[in-house]
Amino acid sequence: MSFRSQAVRLAAIRSYFRWLTKNNYILSNPAADLELPRAEKRLPRTVLTAREAEIILGLPNTRTLAGLRDRAILEMLYSTGMRRMELVNLKIFDVDVERGILLIRQGKGMKDRMIPIGDRALAWMKKYLEDVRPKLAMNPDDGTLFLTKEGSPFARGGLTNLIRLYMDKADLGKTGSCHVFRHTMATLMLEGGADIRYIQQMLGHANISTTEIYTRVSIRKLKEIYMATHPGAKLERKEPDQKSFENAENLIATEEELFSSLAAEAAEEDTKQ
């Protein structure tokens, strides 16, 4: 088992013994001193480039009901980076078309959050609502936004299999499903200059340390600065311009701010233990 799998299983055991002790089924908790292995922080296995994402988005046959629905789903995942079950549970009234925002109800940690949605994803979703959903919906209609051909909400595995089919069809040499678009959105936003705290809010991460992993995935900005400033990076030496130095200083300032907040968060966690 990986350290993460071990931690998940041991946490369940520790909670069970805590419950047994609290309800007087046993006199003492034998798992009280059980230490969980520290879960390793791994980089996302698959991240798409903007070009690769567009290839996948263009695969559904939008002349069919299912294809138009699938295009709207793919656009939604790419635009918002929402989790699989957050999309499955999305209701029609959770989308504010006028303001261009979504309400994610009871996301991970049972927390609500508001996030923006791009104009293109919103346009495809509106077309789906007008042309497709009325033909799929069946009574009683609970207002679930995306429906299967049978008129029911997607199952967890059903949505996973649907997105994986398009990933495989694209034949990009990359595997994955719904979470690939979550990783891709975060990475491309970071490369585009977004502050990591805004990405944290988009993804619904409780701690910025979870979002920090994307600073290691996104290296385009770092490579640009490296190529512009390192004297041995190119075959022909070129003096870096002032803008390159300013970009480097901004990157350093961002990193210092990030790691400072992480250190403060770690200190706070140590205090709680």
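The values are calculated or read from the model by the stated rules, or taken from the named source; none is laboratory data. Please read all numbers here as calculations on a predicted model, not as lab measurements. Cβ sites come from the backbone with ideal geometry, for glycine too, and all protein chains shown count toward neighbours.
Might you check whether a residue that is under 26 Å from A170 (Cβ atoms) and either assigned by TED's automatic domain parsing to the domain that holds R182 or surrounded by fewer than 17 Cβ atoms within 10 Å (Cβ to Cβ) (or both) occurs anywhere in segment 134-141? Step through it out loud before you land on a result.
Quick first cut of segment 134-141, residues under 26 Å from A170 (Cβ atoms) only: 136.
Restricting the remaining residues to those that are either assigned by TED's automatic domain parsing to the domain that holds R182 or surrounded by fewer than 17 Cβ atoms within 10 Å (Cβ to Cβ) (or both) gives 136.
Yes, because at least one residue in segment 134-141 is under 26 Å from A170 (Cβ atoms) and either assigned by TED's automatic domain parsing to the domain that holds R182 or surrounded by fewer than 17 Cβ atoms within 10 Å (Cβ to Cβ) (or both).
Scan segment 150-162 and give yes if some residue there is at pLDDT 90 or above, charged (D, E, K, R) and either farther than 20 Å from T46 by Cβ or within 17 Å of the chain's Cα centre (by Cα) (or both), otherwise no.
Here is the first cut: in segment 150-162, the residues at pLDDT 90 or above are 150-154, 158-162.
Add one more test, that the residue is charged (D, E, K, R), and what stays is 150.
From what is left, the residues that are either farther than 20 Å from T46 by Cβ or within 17 Å of the chain's Cα centre (by Cα) (or both) are 150.
The answer is yes; a qualifying residue exists.
Considering each residue of segment 158-178, count those that are closer than 17 Å to R71 by Cβ and among the β-branched types (V, I, T), and give that number.
Looking only at that region, the number is 1.
Take the residues in segment 193-206 that are part of a loop (DSSP other than H, G, I, E, B) and under 14 Å from the mean Cα position of the chain (by Cα), then tell me which one is modelled with the lowest pLDDT.
Step one: filter segment 193-206 for residues part of a loop (DSSP other than H, G, I, E, B), giving 193-195, 204-206.
From what is left, the residues that are under 14 Å from the mean Cα position of the chain (by Cα) are 204-206.
Numbers: G204: 78, H205: 70, A206: 62.
Out of the qualifying residues, it is A206.
I'm checking my understanding of the structure. Among residues of segment 156-184 that are exposed (fewer than 13 other Cβ atoms within 10 Å of the Cβ) and touching a residue at least 60 places away in the same chain (Cβ under 8 Å), which one is farthest from L57 (Cα to Cα)?
If we take residues in segment 156-184 being exposed (fewer than 13 other Cβ atoms within 10 Å of the Cβ) and touching a residue at least 60 places away in the same chain (Cβ under 8 Å), then R156 is farthest from L57 (Cα to Cα).
Within segment 90-115, how many residues turn out to be at negative phi and without any contact (Cβ under 8 Å) to a residue 24 or more places away in the chain?
So the count comes out to 9.
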